[in-house]
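Taking it in order: structure first as structure tokens, then the write-up.
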Amino acid sequence: RVGPGHLGPCFVHLSRVTRDLTPSSGRVNTDTSLPHKIPIPGYGVVSPTTMGDGGGDEIKQHDTVPGGISLLGTDGKRYVVDEATASYFYEIEGLITKDPETPEEVEERTVLAGNALEEAVGHEMALSMDARCSRVMEKLLAQCGDDNLCRYLGGITTGATDFHTLCKSLFGSRVAEKALGCVCARVGRTPGDALIEKVTPVLVAISDAIAATAVDSAYDPRVSPVARTHLSLLSGRECAPAAKAGGLAGKLKGGTSAAGGFGDAVDAPAERHVFEAELRRFSDLVLASLEPELWNLSEDACGSAFLQALLTAHKGDTASLNWIIPGFLGCAPEEGTADGELLANADAGDVKRLAESRSGSHLFEAILRAAPKGLLNEIFRRFFRDSMRSLASHPTANFTLQALLAATREPEHVATAMQELGSDFGSLMRERRSGVVASILAACARLRTGERDAAKNLARGLTAKGPARVQGRSQLAPALLWMDQHSGAAGGRCSVLGAAMLQTLLKFPPDAVPHFVESLASMTPAEASSAARDAGGSRALEAFLTNPAHKPKLKKELVEILREDFGKLAVSACGSHVLQACYGACDTRMREQIVQAVALDEQKVAATRHGPFLMKRLGVAEFAKAPEMWRGRTEKAEDTKADFAKTFGVAEDVAVGEVGDDVEVPVAAEKKKRAREDDREPSPKAKKEKKEKKEKKE
């Protein structure tokens, strides 16, 4: 006889072989090729269906129910399924391997799922915690009716500790998370009253179960993801820490992407129905239990993720966030405290340590993304002003500074960042802190402030340790595109951050970045071709060619530089986008050359994934059959476009000026206003200033 103490380590090792558990996310990736019987050295052969889950602590043989399922939960109870029921679910496993395709098959599967879940009544816990049957339960829950889904959720919340026991299980946590995800899908944006009445009692029971064991649930790598899914269900929005929110694209809002085009905006609407009353009740219960452990939770990967989910769930709820965020930062303002004094008792040293912590910095970033306007201003005033240089140099805290610049709507914050960091752009890039510089540039583009000063500081930083010109050509654009390569374009791929910064600069007004535009239009053919076929460089070139604010003459110069490599661009996936931008920026003669170059390499281009679309877009087949007809169609399209632009001003007014995170004002209105002002008779002083400005420019 082998004691449980000997089998415990074997189960842990076996779980690592059959499933990959990631503590940072709590997700378990199922290996569907799990063998029916697994040999364990020294112990013979063990079937997955005979494993006791036990929260991952031990293996239990079927010593009470031969051929059935017998599992020991973390609450000390044994969950048993008789042999007939277990065999029934093993048979169903073979019937649901293939997803239904026709409406008839979908209806049959719904009936099958409903019948199977009726058989599971009373055995939900054991079936969900079993290695084999848990996968069957996941598929059944996704395809059953609303009544069966609610009955299952009621079955796993019958006892006060049942739900927590299920979530502590290696396999049960996956089923619980799947069930809550199915409820999210069923609720949608406008659920019916009948569904709300069915779901609400179950959600209350789940909230009470998680709140009763809040500390253990937040720390546990299996329970924490389930709790975050529950928050997503209550709040109507995805609360799991998302890469998009804290990643490069999220921090460069307004630079490489449209401002306000992200779901992490403070006032972004919920995606689904919000259980507002239950969300607030659940948050009150959980935070009351977690209060003594908040600082320790911020240092734990799972705990920090759970706190981030709480912030995301309350996004847009200013009243709740004004007491939740101060609590996370170590202070408890009294009720009725005025805005601007909510963090008066916060310790700056504790907040700094939070920003410098690997797990805590993620929580701090989530705080900055969710903070209401008044609270964000107070955080900036107390913890960021006069400290930006030290934060920007820190390997972890610099990400919180980037998150602040991505979240702010105040030009004052950007101006302060320029004042404290503008002269250090060069040293920051050499210290490999280019993300801070890129975030400042994106904030300038988004808020339309400080563009000229930002471009000047960046130009000084790029030329501080290298030549400003080589053979009469400005090196600003190549230095930015190959920022991490000592050998320039010959060194390989473009820098991701460098290309993103150049793309952001090209959104600035042309008179703020003349040197960068000139440098881009004067690159060597090798540099231009290398950048055009790179994932990051191609976006920068495309941003320049498609921006109507830049001079057509400079665009034609860049197209002329790329002329010898039109065929290479057509074959390249990234280069094909630049080629289309070139086609739109040049005249009919150059367009004909582009189409001819693509036609010469027609077989190579057609063999690529993007080739058929590119050839159809350029009209390659039409040009090969009837060149004169192609020219006529092209000229007619140009005339139509010119007439439309003359009437509506679309040719130059398609650009949109971004004033805030999600406030956009068409440039057309601004141009009309300027035209009306220009029609007025200028004063002598204005004439003199205009003349001096013109002479200075010349």
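Quick notes on this structure:
- Single match in V663, V656 (criterion: over 24 Å from K551 (Cβ atoms), at pLDDT below 85, within 33 Å of the chain's Cα centre (by Cα) and open to solvent by 50 Å² or more (accessible area, probe 1.4 Å)): V663
So that you can scan it fast, the table gives a plain yes or no per residue for (1) in contact with a strand residue (DSSP E or B) (Cβ under 9 Å, 6 or more places away or on another chain); (2) in a helix (DSSP H, G or I); (3) farther than 20 Å from F544 by Cα; (4) among the hydrophobic types (A, V, I, L, M, F, W, C):
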| residue | (1), (2), (3), (4) |
| --- | --- |
| L421 | no, yes, yes, yes |
| A445 | yes, yes, no, yes |
| G461 | no, yes, yes, no |
| M483 | no, no, no, yes |
| C494 | no, no, no, yes |
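- Flag for P411 being surrounded by fewer than 24 Cβ atoms within 10 Å (Cβ to Cβ) and touching a residue at least 12 places away in the same chain (Cβ under 8 Å): yes
- Among the residues of segment 141-178, the one identified as without any contact (Cβ under 8 Å) to a residue 60 or more places away in the chain, under 20 Å from R228 (Cβ atoms), open to solvent by 10 Å² or more (accessible area, probe 1.4 Å) and not in a helix (DSSP H, G or I) is T157.
- Looking only at residues in segment 214-273 that are basic (K, R) and at pLDDT 85 or above, the one that is nearest to H164 (Cα to Cα) is R222.
- Filtering segment 539-568 to residues that are among the β-branched types (V, I, T) and more than 35 Å from the chain's Cα centre (by Cα) leaves only I561.
- Odd one out for R358, checked against (1) over 24 Å from E276 (Cα atoms); (2) assigned to a helix (DSSP H, G or I); (3) among the basic types (K, R): (2)
- S427 meets the conditions (1) open to solvent by 40 Å² or more (accessible area, probe 1.4 Å); (2) outside any loop (DSSP other than H, G, I, E, B) in every case but one. The failed one is (1).
- Of all the numbered requirements in (1) under 18 Å from E356 (Cα atoms); (2) in a helix (DSSP H, G or I); (3) open to solvent by 40 Å² or more (accessible area, probe 1.4 Å), R432 misses one, and that requirement is (2).
The values are calculated or read from the model by the stated rules, or taken from the named source; none is laboratory data. Model, not experiment: these values are computed from the prediction. Here the Cβ is made from the backbone with ideal geometry for all residues, glycine too, and neighbour counts use every protein chain on show. SASA here: full protein model, heavy atoms, side chains in, ligands and nucleic acids out. Shrake-Rupley method; radii C 1.70, N 1.55, O 1.52, S 1.80 Å.
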